[in-house]
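Asker: Okay, here's the structure, questions in a sec.
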Amino acid sequence: MPKFHKILTVWYQQNKRELPWRAKKDPYLVWVSEIILQQTRVDQGTAYFLRFIEQFPDVKTLAEAQENEVLKVWQGLGYYSRARNMHVAALQIMNEFNGLFPDTIINIEKLKGIGSYTAAAIASIAFDLPHAAIDGNVYRVLSRVFGIETAIDSTIGKREFRDLADELLDRQNPGLFNEALMEFGALQCTPQNPDCKKCPFQDQCIAFAHNIIGELPFKSKKTKVKNRFFNYMFIRQEEYFYLEKREENDIWRNLYQFPLIESAKTLTIEELLANEQFKSTFNGLEITIESISHEIIHVLTHQKLHVRFIEIFSAKPDVNLPWIKVHPKEVNDFPVPKLIDNFLLAKA
Ligand code: SF4
């Protein structure tokens with residue numbers, strides 16, 4: 001029977017997508033693409049990749065940028081800590097590695113925000129180093145072809161998959177092997193409805209033979225989702241409105257938002273008016289509540305946000321409230337969560 005990597009390579013040559021970061025073996029491009037693709041599909045991620053590279057074509061331009069500019073280009077992708085980490089890592093490369101992308105796995109792993117998967121992907125694709133990169137696609141393919149029922153989120157499972165991936169790795173072409181395996185998971189052995197009929201591994205795939213495809217890969221823990229209730233105050237004074245910066249160690253750190261009252265549940269209008277934060281903010285000020293939006297559900301990885309926008313008109317343009325007063329023309333200077341961006345677009 002042909003070796004695993006030979007079957008995989010033939011499949012890859014016939015099926016791979018032409019993607020902009022595959023055009024050359026540039027560690028910076030591989031890094032940017034890997035981080036972007038950790039949180040989005042290739043079709044959406046490609047547009048972000050091209051925009052990112054246009055604005056920050058190399059490590060130096062990324063290092064020299066303001067964090068705000070990086071977050072603005074990232075806006076809408078979510079997981080903003082990844083963009084902040086990339087900015088820090090670019091500074092590390094400039095300061096600690098003389099501006100040259102590190103070319104050993106040990107040094108690549110020293111960069112902020114780069115874990116073992118991303119380091120292996122960069123090391124193998126850009127520098128041909130023999131490291132297996134194991135992402136969600138790889139776990140899925142290996143668990144099915146080899147019928148592995150060990151939980152992929154357990155220590156023992158991680159070790160088992162790492163050993164197997166190392167054993168299968170094509171040491172002559174590690175980057176090609178890693179890209180091929182990830183692409184195979186993304187296109188052929190997909191989470192739902194894998195294309196088993198046309199699969200070159202069908203005759204050796206244990207999950208196919210035992211009809212357990214839907215059960216693999218196996219995960220032991222279910223992610224707990226936390227419900228949060230956000231009441232955003234869109235306060236207008238003439239044509240201006242207010243933004244505040246999120247500075248706590250929480251979602252969307254360093255992004256901007258409308259002044260927020262977070263509550264333990266959905267508030268009625270009476271409860272909102274009686275809320276201590278609301279009362280102290282607008283104490284004695286002449287305001288009109290113009291509208292309250294319906295509840296918008298915004299789902300993040302571990303959180304479900306129940307969001308409402310409360311449109312408030314303040315009749316005293318000379319009274320400055322304790323946030324950043326913004327003219328609509330200046331809004332592009334502020335990176336904001338997608339939710340706020342959508343609201344502003346609807347208002348424009
Ligand atoms: S036969 Fe189906 S489940 Fe098995 S590797 Fe191929 S696509 Fe995946």
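The values are calculated or read from the model by the stated rules, or taken from the named source; none is laboratory data. Note that the structure is predicted; figures quoted are calculated from it, not measured. Ideal geometry is used to build each Cβ from the backbone, glycine not excepted, and the neighbour counts take in all protein chains shown. With ligands, DNA and RNA removed, areas are computed over all heavy atoms of the protein, side chains included. Shrake-Rupley method; radii C 1.70, N 1.55, O 1.52, S 1.80 Å.
Asker: Please go through the range 310-348 and pick out each residue that is over 24 Å from the mean Cα position of the chain (by Cα) and among the aliphatic types (A, V, I, L, M).
Answerer: Ile310, Ile312, Ala315, Val319, Leu321, Ile324, Val326, Ala346, Ala348
Asker: While we're on this one: Hey, can you tell me all the residues within the range 212-242 that are open to solvent by less than 70 Å² (accessible area, probe 1.4 Å), within 16 Å of the ligand (Cβ to nearest atom) and out of contact with any Phe, Trp or Tyr (no Cβ under 8 Å at 6 or more places or on another chain)?
Answerer: Hits for the range 212-242 are Ile212, Ile213, Leu216.
Asker: How many of the residues making up the range 243-286 are surrounded by fewer than 18 Cβ atoms within 10 Å (Cβ to Cβ), in contact with a Phe, Trp or Tyr (Cβ under 9 Å, 6 or more places away or on another chain) and farther than 30 Å from Asn68 by Cα?
Answerer: Qualifying residue count, the range 243-286: 3.
Asker: Okay, moving on. Can we say Leu37 is closer than 24 Å to Val336 by Cα, in contact with a Gly (Cβ under 7 Å, 6 or more places away or on another chain) and either surrounded by 13 or more Cβ atoms within 10 Å (Cβ to Cβ) or not assigned by TED's automatic domain parsing to the domain that holds Gly113 (or both)?
Answerer: It is true that Leu37 is closer than 24 Å to Val336 by Cα, in contact with a Gly (Cβ under 7 Å, 6 or more places away or on another chain) and either surrounded by 13 or more Cβ atoms within 10 Å (Cβ to Cβ) or not assigned by TED's automatic domain parsing to the domain that holds Gly113 (or both).
Yes/no per residue for (1) open to solvent by 20 Å² or more (accessible area, probe 1.4 Å); (2) touching a residue at least 12 places away in the same chain (Cβ under 8 Å); (3) at positive phi; (4) among the β-branched types (Val, Ile, Thr):
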| site | (1), (2), (3), (4) |
| --- | --- |
| Trp74 | no, yes, no, no |
| Asn95 | yes, no, no, no |
| Gly99 | yes, yes, yes, no |
| Asp103 | yes, yes, no, no |
| Ile108 | no, yes, no, yes |
| Lys112 | yes, yes, no, no |
| Gly115 | yes, no, no, no |
| Ala120 | no, yes, no, no |
| Phe127 | yes, yes, no, no |
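Asker: Moving on to the next point. Kindly indicate whether any position in the range 222-245 is touching a strand residue (DSSP E or B) at 6+ places or on another chain (Cβ under 8 Å), under 18 Å from Leu321 (Cα atoms) and in a loop (DSSP other than H, G, I, E, B).
Answerer: For the range 222-245, residues touching a strand residue (DSSP E or B) at 6+ places or on another chain (Cβ under 8 Å), under 18 Å from Leu321 (Cα atoms) and in a loop (DSSP other than H, G, I, E, B): absent.
Asker: Something else: Would you tally the residues in the range 137-177 being in a helix (DSSP H, G or I) and either touching a strand residue (DSSP E or B) at 6+ places or on another chain (Cβ under 8 Å) or surrounded by 15 or more Cβ atoms within 10 Å (Cβ to Cβ) (or both)?
Answerer: The number of residues fulfilling the criteria is 20.
Asker: May I pose another question? Please work out which one of (1) open to solvent by less than 60 Å² (accessible area, probe 1.4 Å); (2) in contact with a helix residue (DSSP H, G or I) (Cβ under 7 Å, 6 or more places away or on another chain) is the condition Ser81 fails and give its number.
Answerer: Among (1) open to solvent by less than 60 Å² (accessible area, probe 1.4 Å); (2) in contact with a helix residue (DSSP H, G or I) (Cβ under 7 Å, 6 or more places away or on another chain), the lone unmet condition for Ser81 is (2).
Asker: Taking the condition of being touching an Asp or Glu at 6+ places or on another chain (Cβ under 9 Å) and polar (S, T, N, Q), how many residues in the range 238-259 meet it?
Answerer: Qualifying residue count, the range 238-259: 2.
Asker: Output yes when any residue across the range 168-177 is within 15 Å of the ligand (Cβ to nearest atom) and under 22 Å from the mean Cα position of the chain (by Cα), and no when none is.
Answerer: no
Asker: Of Ala264, Ala209, which residue is over 18 Å from Pro337 (Cα atoms), of a type in the set (Gly, Ala, Ser) and within 16 Å of the ligand (Cβ to nearest atom)?
Answerer: Ala209
Asker: Of the residues that make up the range 210-219, is at least one of a type in the set (S, T, N, Q), modelled with pLDDT of 90 or more and assigned by TED's automatic domain parsing to the domain that holds Thr150?
Answerer: There is at least one residue in the range 210-219 that is of a type in the set (S, T, N, Q), modelled with pLDDT of 90 or more and assigned by TED's automatic domain parsing to the domain that holds Thr150.
Asker: With (1) touching an Asp or Glu at 6+ places or on another chain (Cβ under 8 Å); (2) assigned to a strand (DSSP E or B); (3) charged (D, E, K, R) as the list, and Lys316 as the residue in question, which single condition is left unmet?
Answerer: Of the numbered conditions (1) touching an Asp or Glu at 6+ places or on another chain (Cβ under 8 Å); (2) assigned to a strand (DSSP E or B); (3) charged (D, E, K, R), the odd one out for Lys316 is (2).
Asker: Now for a different question. Inspect all residues belonging to the range 314-324 and state whether any of them is of a type in the set (Lys, Arg) and modelled with pLDDT under 90.
Answerer: So far as the range 314-324 goes, yes, one or more of its residues are of a type in the set (Lys, Arg) and modelled with pLDDT under 90.
Asker: Moving on. Give the residue that is most open to solvent (accessible area, probe 1.4 Å), with candidates limited to residues of the range 190-205 that are assigned to a helix (DSSP H, G or I) and near the ligand (Cβ under 8 Å from one of its atoms).
Answerer: Gln202
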